[in-house]
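Written below as structure tokens is the structure these notes are about.
The values are calculated or read from the model by the stated rules, or taken from the named source; none is laboratory data. Note that the coordinates shown come from a computational prediction; the quantities given were computed from them, not determined experimentally. Cβ: placed from backbone, ideal geometry, glycine included. Neighbour counts: every protein chain shown. For accessibility, only protein heavy atoms count, side chains too; no ligands or nucleic acids. Shrake-Rupley method; radii C 1.70, N 1.55, O 1.52, S 1.80 Å.
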Amino acid sequence: MKNLLCRVLLVVYLFPAVGFAQAPATRIKRVENGLLPAVLIKNDPAWSLAERMKFYKVPGLSVAVIENFKVVWARAYGVKDLETKEPVTTKTLFQAGSISKSVNAMVVMKKVEEGKISLDENINDKLTTWKLPDNEFTAKKKVTLRNLLSHTAGTTVHGFPGYAVTEKVPSLADILNGTNGANTRPVRVDLEPGTRFRYSGGGTTISQLAIMDIEKKPYPEIARETVLAPLKMNNSTYSQPLPEDWRKKAATGYRGDGSEVSGKIHVYPEMAAAGLWTTPTDLAKFGIEMQLSIAGRSNKVLKKETAELMTTSFMEDVGLGFFLEKHGKATYFGHGGADEGFRAELLVNRDKGYGVAVMVNSDNGQILREVMRAVAQEYGWAEFLPTPYEIVSLDASKLEAAAGRFQVNPDRVLTIKVGVNPLDLANQRPPGPTAPLLANNLTKLIVEPTGDPTFDLFPISETTFVRRETNVKYELVRNAAGAVDAIRLITPGGSNEIKRISADVLVPAELLLAGKVPAALEGYRKIKREQPNNASVSEDRLNNLGYGLMRQQKLAEAIEIFKLNVEFYPNAWNVYDSLGEAYMNKGEKELSIANYKKSLELNPGNEGGAQMLKKLLGN
């Protein structure tokens, strides 16, 4: 009997209970092969994780799944570095981007519970090493911690690009003042506090400094003592730059085209806003603790009332450190993150014990929600997934009236064509899963947006169409004669109509593509005169347009766009830096030197520009 018992125990040890072992493996497999787009179409097959990673050029991905207030499984895929081929593990560190703000909110709210700071007092009363300048916008109402955590402080600076590992990192005060090497503008108040939501990483950075001034300690130490250690987030740190022993565990960041981030990673002294290094498993621990605190089942960091407050809408579905998502009667909370070369998502149900954390070392974060929807499908998340649409078959003759050009904004046009046979959807989905749809020979509309990949519209009625990639309906608007003279774009937030334009009316971007550079430049000048704040002529947009032309080896066109940006924004240091780079690539050394000098005159802390100038001067 003793020998028999030993043999039984040996079998159990070598082969765990079949039901327990096989069920998670089966569920994991279904998630791995169940990635879903934003808009579901009935009988449309899902994607596999492997094919989507390949499609998006994502080197590595890590995920942790939460069920019943526990991490039920975590998996890692791909490589942390394309050069070394070292595989991603569940302990590989990724940059969390703006999810850092959620963890920071827990840190800050703990200090509120300890009575060291109030949610509604003037933040300047707690700042000692720097003060937020008062102005006409703060005359009636001062900026408070509640404002900073809910993005209602009226503060500027949306986000931060970080600093290359070779660059000198400015102090927090310099970043807030936009001086001495800071690569973002000063953080100031230009809206009355409490009047509207506007995302501001600059505001979160003020909260970081306030806590440091209160505690008289480095922020990474405060965060570790307050949140990371109590929650056993042992693979998480706010240390910037990342210490060498931690760096060995960290992934390398990659751009959307698959190229490596310069220096492999960026440094974020704006730690509370963007500086957390972590893993999906550690983020899941954080999310679970919030869930348990709300349920009154744990208070490792916060009280139930505090956790409830943080996940209650303050303004526009924004809590304190979290964004809220309503899906029917179900409420979810979490945050997304985007650092240079990294993307991340954390989302959990507010009242039930499930959720997911996903991280990638790529700028292509579209895959994160696809994974999230696969988890939601497998684990039956309440009301999370949309109802699949039933596609109808329409005769091409009914669609011909919709063919043409429709203007979305001053520099974007949708060119619509009728497709009798569905277009090869390689730009949106790998060919394999689309085979059933191709076999159906459905007629649909094919859309060519200015400067962007083609996408397909599928009919759900004679007048309404959907696309897979985003939750937008396209509704044909016919005039009294029955002709389609506009298309109504319907989103969850509202709708707007885009009007038909003739084939000979080209927007500036189209003129550029046609090689008509002078006409394109004049088109942008016209937009700037008539709509000076239009996004089409913003500094960032024109700069990105110029770099896009450079990547296409269209240096002459890129230089003209950068020169136009200098014309529009003569006091912006970055436009001269970009123009200097373009001239350098074209071999026009003197012009490159002149523009780098101007950039440094406007921003002496532009370390990258200083290095390029030194190289050009032969020093």
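Which condition number in (1) closer than 22 Å to Ser239 by Cα; (2) in contact with a helix residue (DSSP H, G or I) (Cβ under 8 Å, 6 or more places away or on another chain); (3) among the hydrophobic types (A, V, I, L, M, F, W, C) is the one that Val88 fails?
(2)
For region 549-570, does any single residue satisfy the condition of being small (Gly, Ala, Ser) and in contact with an Asp or Glu (Cβ under 8 Å, 6 or more places away or on another chain)?
No - not one qualifying residue is present in region 549-570.
Table: residues versus (1) of a type outside the set (Asp, Glu); (2) more than 16 Å from Val356 (Cβ to Cβ); (3) open to solvent by 10 Å² or more (accessible area, probe 1.4 Å).
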residue	(1), (2), (3)
Asn43	yes, yes, yes
Val65	yes, no, no
Pro87	yes, yes, yes
Ile99	yes, no, no
Met109	yes, yes, no
Leu119	yes, yes, yes
Asn124	yes, yes, yes
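Which numbered condition in (1) out of contact with any helix residue (DSSP H, G or I) (no Cβ under 8 Å at 6 or more places or on another chain); (2) modelled with pLDDT of 95 or more; (3) of a type in the set (Ser, Thr, Tyr) is the only one that Thr179 fails?
It fails just one condition, (2).
Do we find that Thr279 is touching a strand residue (DSSP E or B) at 6+ places or on another chain (Cβ under 7 Å) and farther than 30 Å from Tyr547 by Cβ in this structure? Outline the logic, then answer.
Working: touching a strand residue (DSSP E or B) at 6+ places or on another chain (Cβ under 7 Å): yes; farther than 30 Å from Tyr547 by Cβ: yes.
Taking the combined requirement at face value, the residue satisfies it.
Would you mind stating whether Glu601 is in contact (Cβ under 8 Å) with a residue 40 or more places away in the chain, acidic (Asp, Glu), at negative phi and assigned to a helix (DSSP H, G or I)? Steps first, please.
Details: in contact (Cβ under 8 Å) with a residue 40 or more places away in the chain: no; acidic (Asp, Glu): yes; at negative phi: yes; assigned to a helix (DSSP H, G or I): yes.
Considered against the rule, which asks whether it is in contact (Cβ under 8 Å) with a residue 40 or more places away in the chain, acidic (Asp, Glu), at negative phi and assigned to a helix (DSSP H, G or I), Glu601 comes out as no.
Give the number of residues within region 551-564 that are open to solvent by 20 Å² or more (accessible area, probe 1.4 Å) and either free of Cβ contacts under 8 Å to residues at least 12 places away in the same chain or closer than 25 Å to Gly159 by Cβ (or both). So that I can check it myself, show each step before the final result.
Within region 551-564, the first condition is being open to solvent by 20 Å² or more (accessible area, probe 1.4 Å), and the residues that meet it are 551-557, 560, 563.
The next check asks that each one be either free of Cβ contacts under 8 Å to residues at least 12 places away in the same chain or closer than 25 Å to Gly159 by Cβ (or both); those that pass are 551-554.
Summing the residues that are open to solvent by 20 Å² or more (accessible area, probe 1.4 Å) and either free of Cβ contacts under 8 Å to residues at least 12 places away in the same chain or closer than 25 Å to Gly159 by Cβ (or both) in region 551-564 gives 4.
Have a look at Ser293, Ser259, Ser239 and point out the one that is closer than 16 Å to Ala105 by Cα and either surrounded by fewer than 19 Cβ atoms within 10 Å (Cβ to Cβ) or modelled with pLDDT of 95 or more (or both).
Values: Ser259 fails: closer than 16 Å to Ala105 by Cα; Ser239 fails: closer than 16 Å to Ala105 by Cα.
Step by step, each of Ser293, Ser259, Ser239 is checked, and only Ser293 is closer than 16 Å to Ala105 by Cα and either surrounded by fewer than 19 Cβ atoms within 10 Å (Cβ to Cβ) or modelled with pLDDT of 95 or more (or both).
Kindly indicate which of Glu270, Glu215, Glu305 is in contact with a helix residue (DSSP H, G or I) (Cβ under 7 Å, 6 or more places away or on another chain), at pLDDT 95 or above, open to solvent by 10 Å² or more (accessible area, probe 1.4 Å) and closer than 20 Å to Ser102 by Cα. Walk me through it before giving the result.
Details: Glu270 fails: open to solvent by 10 Å² or more (accessible area, probe 1.4 Å); Glu305 fails: in contact with a helix residue (DSSP H, G or I) (Cβ under 7 Å, 6 or more places away or on another chain).
It is Glu215.
State all residues of region 165-176 that are at pLDDT 90 or above and under 25 Å from the mean Cα position of the chain (by Cα); if no residue qualifies, say none. Break it down into steps so the answer makes sense when it comes.
First, pick out the residues of region 165-176 that are at pLDDT 90 or above: 165, 169-176.
Result: Val165, Val169, Pro170, Leu172, Ile175, Leu176.
I'm told Pro193 meets every condition in (1) over 17 Å from Ala272 (Cα atoms); (2) open to solvent by 10 Å² or more (accessible area, probe 1.4 Å); (3) over 24 Å from the mean Cα position of the chain (by Cα) except one. Can you identify the failing condition by its number?
Against the list (1) over 17 Å from Ala272 (Cα atoms); (2) open to solvent by 10 Å² or more (accessible area, probe 1.4 Å); (3) over 24 Å from the mean Cα position of the chain (by Cα), Pro193 comes up short only on (2).
Just need a number here: residues in region 470-499 that are over 30 Å from Leu40 (Cβ atoms), open to solvent by 70 Å² or more (accessible area, probe 1.4 Å) and of a type in the set (D, E, K, R).
So in region 470-499, the residues over 30 Å from Leu40 (Cβ atoms) come out as 479-483, 485, 499.
Checking which are open to solvent by 70 Å² or more (accessible area, probe 1.4 Å) leaves us with 480-481, 499.
Next cut, of a type in the set (D, E, K, R) only: 499.
Looking only at that region, the number is 1.
Taking the condition at negative phi and either in contact with a Cys (Cβ under 6 Å, 6 or more places away or on another chain) or surrounded by fewer than 19 Cβ atoms within 10 Å (Cβ to Cβ) (or both), does Glu167 pass? Full working, then the answer.
Working: at negative phi: yes; either in contact with a Cys (Cβ under 6 Å, 6 or more places away or on another chain) or surrounded by fewer than 19 Cβ atoms within 10 Å (Cβ to Cβ) (or both): no.
Spelling it out, it is not the case that Glu167 is at negative phi and either in contact with a Cys (Cβ under 6 Å, 6 or more places away or on another chain) or surrounded by fewer than 19 Cβ atoms within 10 Å (Cβ to Cβ) (or both).
For region 388-411, which positions are surrounded by 16 or more Cβ atoms within 10 Å (Cβ to Cβ) and under 33 Å from the mean Cα position of the chain (by Cα)?
Just the residues of region 388-411 that are surrounded by 16 or more Cβ atoms within 10 Å (Cβ to Cβ), to begin with: 389, 391, 394, 399, 402, 404-408, 410-411.
Within region 388-411, Tyr389, Ile391, Gly404, Arg405, Phe406, Gln407, Val408, Pro410, Asp411 qualify.
If we only count helices (runs of 4 or more DSSP H) wholly inside region 530-595, which ones have 2 or more residues that are more than 29 Å from the chain's Cα centre (by Cα)? It would help to see each step written out before you state the result.
Working: elements: 539-551, 555-568, 573-586.
Qualifying helices (runs of 4 or more DSSP H): 555-568, 573-586.
Within region 79-97, is even one residue within 24 Å of Arg224 (Cβ to Cβ) and in contact with a His (Cβ under 6 Å, 6 or more places away or on another chain)?
No, the conditions are met nowhere in region 79-97.
Taking the conditions exactly as written (modelled with pLDDT under 95 and closer than 25 Å to Gln552 by Cα), does Ala481 satisfy them or not?
Values: modelled with pLDDT under 95: yes; closer than 25 Å to Gln552 by Cα: no.
For Ala481, the condition - modelled with pLDDT under 95 and closer than 25 Å to Gln552 by Cα - is not met.
Which of the residues spanning region 328-354 are in contact with a Leu (Cβ under 9 Å, 6 or more places away or on another chain), touching a residue at least 24 places away in the same chain (Cβ under 8 Å) and open to solvent by less than 20 Å² (accessible area, probe 1.4 Å)? Explain how you work it out, then say what you get.
Residues of region 328-354 that are in contact with a Leu (Cβ under 9 Å, 6 or more places away or on another chain), as a first pass: 331-337, 343-346, 350, 353.
Still in the running and touching a residue at least 24 places away in the same chain (Cβ under 8 Å): 332-337, 343-346, 350, 353.
Hits for region 328-354 are Tyr332, Phe333, Gly334, His335, Gly337, Ala344, Leu346, Gly353.
Output the number of the condition that Ala210 fails; it satisfies all remaining conditions of (1) within 19 Å of Leu283 (Cβ to Cβ); (2) open to solvent by less than 30 Å² (accessible area, probe 1.4 Å); (3) of a type in the set (A, V, I, L, M, F, W, C).
Condition (1) is where Ala210 drops out.
Return the residues of region 114-157 that are among the charged types (D, E, K, R), in a helix (DSSP H, G or I) and within 31 Å of the chain's Cα centre (by Cα); say none if nothing qualifies. Give the derivation first.
In the first step, residues of region 114-157 are kept if they are among the charged types (D, E, K, R); the result is 114, 116, 120-121, 125-126, 131, 134, 136, 140-142, 146.
Now restrict to residues that are in a helix (DSSP H, G or I): 125, 146.
Once the filter is applied, which keeps residues that are among the charged types (D, E, K, R), in a helix (DSSP H, G or I) and within 31 Å of the chain's Cα centre (by Cα), region 114-157 yields only Arg146.
Go through region 444-469 and give me each residue that's farther than 25 Å from Arg369 by Cα and crowded, with 20+ Cβ neighbours inside 10 Å.
Lys444, Leu445, Thr450
Find the residue count for region 425-457, including only residues that are more than 27 Å from the chain's Cα centre (by Cα) and either modelled with pLDDT under 85 or closer than 22 Å to Ile367 by Cβ (or both).
So the answer is 12.
Please list, ordered by first then second residue, the pairs with beta carbon atoms under 8 Å, 6 or more apart or interchain, first in region 281-307 and in contact (Cβ under 8 Å) with a residue 24 or more places away in the chain and among the basic types (Lys, Arg), second open to solvent by less than 10 Å² (accessible area, probe 1.4 Å) and assigned to a loop (DSSP other than H, G, I, E, B).
If the second residue must be open to solvent by less than 10 Å² (accessible area, probe 1.4 Å) and assigned to a loop (DSSP other than H, G, I, E, B), the pairs left are Lys285/Met233.
Kindly indicate the residue of region 310-327 that is touching a residue at least 60 places away in the same chain (Cβ under 8 Å) and among the aliphatic types (A, V, I, L, M) and also farthest from Phe197 (Cα to Cα) among those meeting that condition. Full working, then the answer.
Looking only at region 310-327, we keep the residues that are touching a residue at least 60 places away in the same chain (Cβ under 8 Å), and these are 310, 314-316, 318-322.
Checking which are among the aliphatic types (A, V, I, L, M) leaves us with 310, 315, 318, 320.
Details: Met310: 16, Met315: 7, Val318: 8, Leu320: 12 Å.
So the residue we want is Met310.
Does Gln531 count as touching a residue at least 40 places away in the same chain (Cβ under 8 Å), open to solvent by 60 Å² or more (accessible area, probe 1.4 Å) and not aromatic (Phe, Trp, Tyr)? Step through it out loud before you land on a result.
Working: touching a residue at least 40 places away in the same chain (Cβ under 8 Å): yes; open to solvent by 60 Å² or more (accessible area, probe 1.4 Å): yes; not aromatic (Phe, Trp, Tyr): yes.
Criteria met by Gln531.
Look through Lys232, Lys264 and report the one residue that is of a type in the set (Lys, Arg), touching a Ser or Thr at 6+ places or on another chain (Cβ under 7 Å) and farther than 20 Å from Lys217 by Cβ. Let's see the steps before the verdict.
On the way: Lys232 fails: touching a Ser or Thr at 6+ places or on another chain (Cβ under 7 Å).
The match here is Lys264.
Of Val72, Val58, which residue is surrounded by fewer than 20 Cβ atoms within 10 Å (Cβ to Cβ) and in contact (Cβ under 8 Å) with a residue 40 or more places away in the chain?
Testing whether each residue is surrounded by fewer than 20 Cβ atoms within 10 Å (Cβ to Cβ) and in contact (Cβ under 8 Å) with a residue 40 or more places away in the chain leaves just Val72.
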